[in-house]
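Notes to accompany the following structure.
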Amino acid sequence: MTLLPPRFSTGIPGLDTIFGGGLIEGASYIVQGQPGAGKTILGNQIAFATAAAGKKVLYVTLLAETHDRLFQSLSTLSFFEKNQLGSNIVYVSVFQTLSKEGLGAVVDLLRKETKRQDASLIVFDGLLNARDRAETDLDVKTFVAEVQSQAAFVGCTVLFLTSARVQDDSPEHTMVDGVLELHDELVGVRTVRRLRVRKSRGSAALGGYHQYEIANGGISVFPRIEAAFDTPSVKDEPDPKPLRSGIEGFDDITGGGLPHGSITLLIGPSGCGKTSFGMNFLSAASEKEPGLHFGFYETPERLLLKANALGLDLRAHIERSVVEILWQPLTENLLDKMAYRLLDAVSARGVKRLFIDSFGGFERATVNRTRLVEFFAALTNELRAKGVTTIGTWELRDLFASEVAAPGPEISSLLDNLILMRQVEIRAEYKRVMSVLKIRDQSFQSAPQEVFIDGHGLAIKGPFEPATGISTGLAKPLEA
């Protein structure tokens with residue numbers, strides 16, 4: 001039986017997941033990144049989380065400025081607790097010691113302070129300054145080795161923070177147990193923060209880049225969904241029975257409703273009834289089948305106003321906690337942050353009916369379109385395994401067109417059910433039409449159906465009159 005090394009939590013949401021469960025006790029890590037990437041915030045956030053757990057922290061700086069300026073900046077962040085200063089967290093400046101006496105004197109000072117404070121964590125902020133004082137690589141290697149050895153002797157974990165990019169073959173890189181890189185980049189006109197674990201000795205870490213943000217609570221990390229959920233977190237146990245849709249006439253043409261735990265895509269242009277379809281679906285939610293509206297376009301109040309016009313009392317459902325509405329404005333969003341918000345909401349209330357309006361909102365948030373297939377694969381697999389019956393929408397650009405531009409074939413193959421909705425011009429009238437193109441493992445009627453939307457909601461009233469060109473929106477009646 002393999003014994004796993006003891007770990008402690010960083011206290012930073014998402015970072016423990018990337019490190020495979022947290023930092024290893026007694027190990028040493030380099031945190032590197034350009035100025036402004038968040039290294040000092042990350043080091044202090046881990047320090048305060050460690051102190052909150054009742055452990056002692058020694059925070060060592062090589063800054064010429066006083067610690068008061070550092071505390072002034074940290075005081076704007078919610079994790080900062082002034083009463084921890086001088087008790088569980090002790091800040092020590094070794095700038096004067098390094099300038100006058102060199103690296104050896106710094107090591108002696110750290111040895112004494114670590115023992116005196118009984119520290120479980122040392123944060124060394126300013127490794128670049130120490131490297132600049134070293135005459136040779138051997139001096140750097142000796143310094144890092146001595147700091148590590150005295151920390152490991154008492155089971156103390158060490159974080160070295162540096163604004164210099166430490167090369168793979170540098171003395172520091174070869175000696176530490178892990179290297180974490182922080183990046184602050186400009187992608188188009190927006191700033192994107194990403195981190196990467198370059199090295200993780202004796203521990204499996206999630207590879208590649210992961211986005212993070214700095215807000216009032218400090219740093220939050222969002223591990224890539226396709227890496228964190230390469231397989232679903234729970235066992236997938238499909239339910240063969242269909243779930244009633246809550247839409248008049250729809251269950252009759254789909255063999256009883258939508259398959260439990262399936263993913264359905266509604267494709268259609270603006271105004272064809274996609275959102276109305278989703279609200280009817282959520283109106284059938286109950287205590288046993290809680291619903292969630294996860295949208296990007298309309299505010300909750302506007303959605304409730306629309307539901308009221310359809311004769312659907314979603315407000316009462318919300319007051320009874322049967323339905324929840326989560327709105328993400330289409331501004332600057334983080335792709336994985338939205339996915340975690342969705343999955344957390346699903347888990348918190350045991351959601352069984354989910355309406356996503358629309359999948360295009362995720363597409364707009366990505367800074368790397370090549371990962372969308374893997375992203376949607378991980379997200380939809382997790383929703384299926386949790387037994388969530390999901391309906392999502394996809395906006396068609398043209399109201400009338402000879403071709404229907406669905407998502408790419410790889411994304412379409414991830415879906416269980418595919419439904420096309422159109423506004424159709426025929427006999428100088430505009431009518432709404434629905435065509436069921438695909439229902440996985442279930443019989444259905446493929447003939448186009450006429451759709452009505454009124455004060456009683458959305459309903460399927462029967463087959464559309466025989467015509468050609470229905471899918472394009474420009475139909476021609478068949479002549480007798």
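Taking every Cα-Cα distance in the chain and sorting them into 10 Å bins from zero, the calculated P(r) comes out as 4, 18, 23, 18, 14, 11, 8, 4, 1, 0, 0 percent.
Packing-based ranking of 415-424, 362-371 yields 415-424, 362-371, ordered from highest to lowest mean Cβ neighbour count within 10 Å.
For segment 331-373 and segment 53-115, write down the distance between their C-alpha centroids in whole Å. The distance from the Cα centre of segment 331-373 to that of segment 53-115 comes to 40 Å.
Estimated at 0.36 nm per residue, the fully extended path between S73 and R302 surpasses their Cα-Cα distance by 78.5 nm.
Mean projected area of the Cα convex hull of segment 1-124, taken over all directions, amounts to 9.1 nm². Taking H as built 1.01 Å from N, whose amide H comes closer than 5 Å to the amide H of I30, not counting residues under 5 places away? For I30, the qualifying residues are F160, G178, V179, L180.
Using DSSP, restrict attention to beta bridges with both residues in segment 7-223 and report what percent are antiparallel, rounded to the nearest 5.
Here the antiparallel bridges make up roughly 40 percent for segment 7-223.
Geometric descriptor of segment 7-223, per residue, is 120 Å³ (volume of the convex hull of the Cα atoms). Between A475 and E425, the built amide H atoms are under 5 Å apart, and every one of these is 5 or more places off in sequence or on another chain. Per residue, the convex hull spanned by the Cα atoms of segment 242-477 measures out at 118 cubic angstrom.
Judged by the mean number of other Cβ atoms found within 10 Å, the most tightly packed of the peptides 225-231, 200-206 leads the ranking 225-231, 200-206.
The long axis of helix 300-309 is offset from the longest Cα principal axis of the chain by roughly 10 degrees. Taking the Cα centre of segment 329-480 as reference, the dipole from Cβ charges on Lys and Arg (+1) and Asp and Glu (-1) amounts to some 380 debye.
At the listed q of 0.11, 0.21, 0.28 Å⁻¹, the Debye profile of segment 211-282, built from one uniform point per Cα, gives log10 I(q)/I(0) equal to -0.53, -0.94, -1.26. As I understand it, the dipole of the chain uses +1 on the Cβ of Lys and Arg and -1 on the Cβ of Asp and Glu, about the Cα centre. Which of L159, L354, G249 lies farthest toward its positive end? Of the candidates, L159 comes out farthest on the positive side.
When +1 charges are put on Lys and Arg Cβ atoms and -1 charges on Asp and Glu Cβ atoms, the dipole computed for the chain relative to its Cα centre reaches about 480 debye. Which whole-number value in Å³ per residue fits the convex hull of the alpha carbons of segment 341-480? In segment 341-480, the Cα convex hull volume per residue is 151 Å³.
Legend: P(r) of segment 261-387 from all alpha carbon pair distances, 10 Å bins from 0, whole percents, reading 12, 44, 36, 7, 0. Once the Cβ-Cβ distance of E25 and R349 is raised to the sixth power relative to R0 = 45 Å, the FRET efficiency obtained is 0.80. Around the amide H of L415, modelled in the peptide plane, lies no amide H under 5 Å away from a residue 5 or more places distant or on another chain. Principal-axis analysis of the Cα atoms of the chain puts helix 39-52 at an angle of about 90° to the longest axis.
The antiparallel fraction among DSSP beta bridges confined to the chain stands at about 45%.
What net charge do the residues around W327 carry, taking every other residue with its C-beta under 14 Å from that of W327, with Lys and Arg at +1 and Asp and Glu at -1?
Taking every other residue near W327 into account, the sum is -1.
With θ taken as phi - 60° and the Karplus curve 6.51 cos²θ - 1.76 cosθ + 1.60 applied, the whole-hertz 3J(HN,Hα) list for segment 71-87 is 5, 4, 5, 5, 5, 7, 9, 5, 6, 6, 10, 4, 5, 7, 5, x, 10 Hz, x standing for glycine and proline. Local charge for G54 was computed over the other residues whose Cβ lies under 14 Å away, with Lys and Arg +1 and Asp and Glu -1, and equals 0. Taken one residue at a time, the phi angles of segment 364-381 give Karplus couplings (6.51, -1.76, 1.60, θ = phi - 60°) of 5, 7, 6, 9, 9, 5, 5, 9, 5, 4, 5, 4, 5, 4, 5, 5, 5, 5 Hz. Gly and Pro are set to x.
Across segment 201-215, rounded Karplus estimates of 3J(HN,Hα) from the backbone phi angles (6.51 cos²θ - 1.76 cosθ + 1.60, θ = phi - 60°) give 5, x, 7, 7, 10, 6, x, x, 8, 10, 6, 9, 9, 10, 10 Hz, Gly and Pro being marked x. If you take the square roots of the eigenvalues of the alpha-carbon gyration tensor of segment 249-318 and sort them as a ≥ b ≥ c, do you get rounded (a/c under 1.5), prolate (a/b over b/c) or oblate? Oblate. The lysine pair tally for segment 242-477, using Cα distances under 22 Å and a gap of 8 or more places or different chains, is 17.
A short reminder: the numbers here are calculations on the coordinates, not readings from a lab. This structure is a prediction, so every number in the text was calculated from the model and none was measured. Positions of Cβ are backbone-derived with ideal geometry, glycine not excepted, and every protein chain shown enters the neighbour counts.
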